[in-house]
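Chemist: Below are the structure tokens for one structure; questions will follow.
Here, each number is a calculation from the coordinates, and none is a lab measurement. As the structure is a computational prediction, the values presented were derived from the model and not from experiment. Here the Cβ positions follow ideal geometry from the backbone for every residue, glycine too, while neighbour counts run over all protein chains shown.
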Amino acid sequence: IKRITTNTIQEMKVRGEKISMLTAYDYSMATIVDEAGTDIILVGDSASNVMAGHETTLPITLDQMIYHASSVVRAAKRALVVVDLPFGSYQGNSKEALNSAIRIMKEAGAHAVKIEGGVEIAESVSRILTAGIPVMGHLGLTPQSIYKFGTYTVRAKHEAEAQKLREDALKLQELGCFGIVLEKIPAKLAQEVSGSLQIPTIGIGAGQHCDGQVLVIHDMLGINKGFKPRFLRQYSNMYDIMHDAIKNYNSDVKSNSFPNEKEQY
Ligand code: KIV
Ligand code: NA
């Protein structure tokens, strides 16, 4: 199998071939995501929510991200593995940002890092890139800033924030990022930004004109019950499938029908 690289991703934009990205946080799930032909696997800090049960992405640590990432890297034979720099691992200064990115590359064997923000983190992005580490940007509804926004609703609906996002996107491209995630912004703005950039945009709640799409794997498989924002298309109902299987197992154990004679030594 030919490994997807940041160059492959760039060529896909030029060809107009859409880029598929999904999250994964563990070996077994990442194996399925990789074998199903996903171009990019994101070890997102959404692990804080879906794996650890926190309300926000803020609590997850760099060590925990490295643990998740190393498991995903062992599974990914084809996909490009991108890992989120978690909250608190890069905001201090550019040296801290570089050290965090180096740890992710070295200890987990990741292929690239993703970092939230625009012009404010330019120095950090630049320093990480200088070390030869590919960087993906993330603009719009950046969940690590949820306490600044105060709400998970659509960002950049008004001109001032839209203009800041355009400038941030251009800055990230100019610095050398290989792609940018656009989260929960108007489709029209995402289309405009995608058209103005040479590097690909990957949308989540940002409409059909982005160069690629990303979803959290637990959300699209329907493992999370009750999380149904408009942008989410649910491809399965895994909560119910798993729930029924486990219920059947419990019932079989209690009724003494598992294990049977063929299932023993
Ligand atoms: O952490 C994450 O899952 C993400 C995607 C939603 C883009 O950053
Ligand atoms: Na994230």
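Chemist: Would you calculate, for the chain, the mean residue ellipticity at 222 nm contributed by helices, counting each DSSP H stretch of 4 or more residues as -39,500 (n - 2.57) and dividing by all residues, to the nearest 500?
Modeler: It comes out at -12500 deg cm²/dmol, rounded to the nearest 500.
Chemist: Turning to a different aspect of this structure: In degrees between 0 and 90, to the nearest 10, how far off the longest principal axis of the chain does helix 159-175 point, with axes built from Cα atoms?
Modeler: It is inclined by approximately 90 degrees.
Chemist: What is the ratio of the Cα radius of gyration of the range 1-62 to 2.2 N^0.38 Å, where N is its residue count, to two decimals?
Modeler: Compactness ratio reported: 1.33.
Chemist: Right, another one. Run down the lysines and flag those whose C-alpha is under 17 Å from the C-alpha of K2, throwing out any fewer than 8 positions away in its chain.
Modeler: Output for K2: K77.
Chemist: How much of the DSSP beta bridge set in the chain is antiparallel, as a percent to the nearest 5?
Modeler: 5 percent
Chemist: Using only the C-alpha atoms of the chain, find the volume of their convex hull and express it per residue in Å³.
Modeler: Here the figure is 149 Å³ per residue.
Chemist: Taking the Cβ of each residue in R3, R230, R155, R78 as the centre, tally the other Cβ atoms inside 10 Å and list the residues starting with the fewest.
Modeler: R230, R3, R78, R155
Chemist: Something else about it: Shape of the range 51-104 from its Cα gyration tensor (a ≥ b ≥ c, root eigenvalues): rounded if a/c is under 1.5, otherwise prolate when a/b > b/c, or oblate?
Modeler: oblate
Chemist: Kindly put S20, S194 in sequence by how many other C-beta atoms sit within 10 Å of each C-beta, fewest to most.
Modeler: S20, S194
Chemist: In addition: In which sequence would K184, K254, K18, K114 go, from the one with the fewest C-beta neighbours within 10 Å to the one with the most?
Modeler: Ascending number of Cβ neighbours within 10 Å: K254, K18, K184, K114.
Chemist: What FRET efficiency comes out for the pair M242/Y67, r = Cβ-Cβ distance, R0 = 22 Å, nearest 0.05?
Modeler: Efficiency at R0 = 22 Å is approximately 0.40.
Chemist: Cross-link list K13/K184; K164/K184; K18/K164: which exceed 18 angstrom alpha carbon to alpha carbon?
Modeler: Violating the 18 Å Cα-Cα cut-off are K13/K184; K18/K164.
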